[in-house]
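Right, I'll just put the structure down here and ask away after.
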Amino acid sequence: MRLDKYLKVSRIIKRRTIAKEACASGRVSINDKVAKAGTVVSEGDTIEIKFANQILRAKIINISEHVTKESAKEMYEMISGKEDKE
């Protein structure tokens with residue numbers, strides 16, 4: 001699955017366009033490498049997102065095309081940072 005779609009489906013970032021913008025500006029990395037929106041993510045990858053005043057780190061646990069809002073949090077494990085960011 002593409003990085004921007006994963007960020008949207010998992011609800012780490014609420015909108016895919018915002019996920020694309022974050023990737024384009026170099027604020028998103030996978031396994032310590034800056035990633036583009038089209039980068040394919042895999043289970044076990046670590047995502048790091050630099051927001052204005054904090055850094056969010058999450059490990060990908062599950063990749064699903066469609067999930068409910070309640071089960072979206074089961075797609076990743078927070079390493080550091082806060083949930084419900086945009």
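How do Val67, Val34, Val9 rank when sorted from fewest to most other Cβ atoms within 10 Å of their own Cβ? Before the final figure, lay out each step's value.
Numbers: Val67 16, Val34 13, Val9 19.
The fewest-first ordering by Cβ neighbours comes to Val34, Val67, Val9.
Please list, in chain and number order, the residues 5+ apart from Ile79 or on another chain whose amide H is under 5 Å from its amide H, with Hs placed from the backbone.
It is Arg57, Ala58, Lys59, by chain and number.
Highest mean first, how do 42-51, 15-24 rank when packing is the count of other Cβ atoms within 10 Å averaged over residues? If you can, show how the numbers build up before the last one.
Details: 42-51: 15.4, 15-24: 17.0.
The densest-packed peptide leads the list: 15-24, 42-51.
Further question on the same structure: Through the Karplus equation 6.51 cos²θ - 1.76 cosθ + 1.60, θ set to phi - 60°, convert the phi angles of region 27-41 into ³J(HN,Hα) values in whole Hz; use x for Gly and Pro.
Coupling constants for region 27-41: 8, 10, 9, 10, 6, 6, 10, 4, 10, 8, 4, x, 5, 7, 9 Hz.
Over 18 Å between C-alpha atoms is what I'm after, so list which of Lys8/Lys69; Lys36/Lys69; Lys5/Lys73; Lys8/Lys50 land there.
Working: Lys8/Lys69 11 Å; Lys36/Lys69 25 Å; Lys5/Lys73 15 Å; Lys8/Lys50 16 Å.
In this structure, Lys36/Lys69 lie more than 18 Å apart at Cα.
Once you treat every alpha carbon in region 3-80 as an equal point and sum by Debye, what is log10 I(q)/I(0) at q = 0.11, 0.12 Å⁻¹?
-0.23, -0.27
Where a number appears in this text, it was derived from the coordinates with a stated rule and is not lab data. None of these values were measured; they are calculated from a predicted model. Cβ: placed from backbone, ideal geometry, glycine included. Neighbour counts: every protein chain shown.
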